[in-house]
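The block underneath contains the structure these notes are about, expressed in structure tokens.
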Amino acid sequence: MTKKVFCLIVAIMIIAIPLLAQEIPGQYKKVKVILKSNVTATGKNGTINTAMGYLSFTSRGQKITYPMEDIQTIMAKKGNAGTWALAFGGGCAAICAVAVAVGSDEYSTGTLIGGSVIWVGIFSAGGYLIGSLTDKWETVYFAQDRASLLSHFRLKMGINRNGAITVGLSFNF
């Protein structure tokens with residue numbers, strides 16, 4: 001291949017990486033659902049369908065669907081690890097493709113390609129690690145009926161064994 005073909009491949013890769021990494025709204029790699037009955041469920045490949053009013057996800061190989069009126073909170077991870085791995089590995093591949101296209105007097109083309117594959121693997125693994133570590137749980141849905149902080153407080157009064165009046169204040173998360 002000529003140097004022009006390699007440069008064209010590099011340009012296509014640089015343009016394609018951001019397009020492949022675009023996020024689809026309402027779809028999440030990992031979801032954690034807290035129902036109004038305080039039951040928590042976790043799964044993957046969650047989809048929020050606001051038009052029909054339900055959340056569906058996969059948990060232990062089974063597809064689970066909850067109506068939105070039964071859900072208190074939905075927390076999700078976007079799944080950034082693959083995006084970071086693609087960006088780091090793709091960027092390294094673009095640089096390596098240019099290095100192979102330019103060539104070297106010291107190394108053969110096969111050696112340059114072999115080294116490029118190793119470096120792309122290392123950079124992809126590093127991107128995957130960074131993406132995994134930076135992907136945090138984010139609240140993507142919170143039911144409006146309990147959105148007030150005051151509704152989370154519980155005030156209790158009572159009399160202990162000595163006849164003293166006790167007052168208790170608790171906050172439920």
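Quick look at the values:
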{"quantity": "Cβ-Cβ FRET estimate between Thr109 and Leu129, R0 fixed at 25 Å, reported to 0.05", "calculated": "0.25"}
{"quantity": "Stretch gain in nm, segment Ala41-Glu138, where the contour uses 0.36 nm per residue and the Cα spacing is subtracted", "calculated": "33.4 nm"}
{"quantity": "3J(HN,Hα) from dihedral phi, the stretch 51-65, Karplus parametrisation 6.51/-1.76/1.60, rounded to Hz, x for glycine, proline", "calculated": "5, 8, x, 8, 10, 10, 7, 10, 9, 6, x, 10, 7, 10, 10"}
{"quantity": "Distant-in-sequence amide H partners of Val140 (H built 1.01 Å from N, under 5 Å)", "calculated": "Ile74, Met75, Ala76"}
{"quantity": "Protection proxy ranking of 97-108, 78-89 - average other beta-carbon atoms within 10 Å, highest first", "calculated": "78-89, 97-108"}
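Rule-based calculations on the coordinates, nothing more; no lab input. Quick caveat, the model's predicted, so the values are computed rather than measured. Every residue, glycine among them, receives a Cβ derived from its backbone with ideal geometry; neighbour counts consider all protein chains shown.
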